[in-house]
Amino acid sequence: MTAIQIVLAWVAVMSIGAFLVYSLDKKLAKRDKRRVPERALLTWSILGGAPGGLLAMMAFRHKIRFPTFWLVQAASLALWGWTVYQL
């Protein structure tokens with residue numbers, strides 16, 4: 001496997017994980033149960049799950065009113081995009 005394939009596989013796996021964690025948090029919010037901490041959601045995005053986190057934000061209309069989430073998604077996408085470009 002080349003370095004770019006490893007990075008893309010990492011981002012894909014983390015994106016799926018982020019999507020699932022965001023969807024779980026939305027489900028818990030609807031049921032008025034204990035939620036996933038925002039720090040955990042943002043960590044998933046920073047570690048490579050930004051595409052999945054962004055997709056989940058739009059699909060579930062979840063955390064869309066929080067500028068921090070938009071900023072982290074954009075910064076993470078830019079960082080990971082730059083990383084892939086450099087490889």
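Residues in segment 24-31: is at least one touching a residue at least 40 places away in the same chain (Cβ under 8 Å), crowded, with 18+ Cβ neighbours inside 10 Å and not small (Gly, Ala, Ser)? So far as segment 24-31 goes, no, none of its residues is touching a residue at least 40 places away in the same chain (Cβ under 8 Å), crowded, with 18+ Cβ neighbours inside 10 Å and not small (Gly, Ala, Ser). Within segment 15-33, the residues that satisfy the criterion of being in contact with a Gly (Cβ under 7 Å, 6 or more places away or on another chain) and among the aliphatic types (A, V, I, L, M) are Ile16, Ala18. Would you be able to say whether some residue in segment 32-49 is among the hydroxyl-bearing types (Ser, Thr, Tyr), without any contact (Cβ under 8 Å) to a residue 40 or more places away in the chain and buried (at least 16 other Cβ atoms within 10 Å of the Cβ)? Within segment 32-49, one or more residues are among the hydroxyl-bearing types (Ser, Thr, Tyr), without any contact (Cβ under 8 Å) to a residue 40 or more places away in the chain and buried (at least 16 other Cβ atoms within 10 Å of the Cβ). I'd like to know if segment 22-33 contains one or more residues that are under 17 Å from Ser76 (Cβ atoms) and of a type outside the set (Val, Ile, Thr). Within segment 22-33 (the criterion being under 17 Å from Ser76 (Cβ atoms) and of a type outside the set (Val, Ile, Thr)), the answer is yes, since at least one residue qualifies.
Every number here is computed from the coordinates shown, using simple stated rules; none is lab data. Remember, predicted model here, so these are calculated numbers, not experimental data. Neighbour counts run over all protein chains shown; Cβ positions are idealised from the backbone, glycine included.
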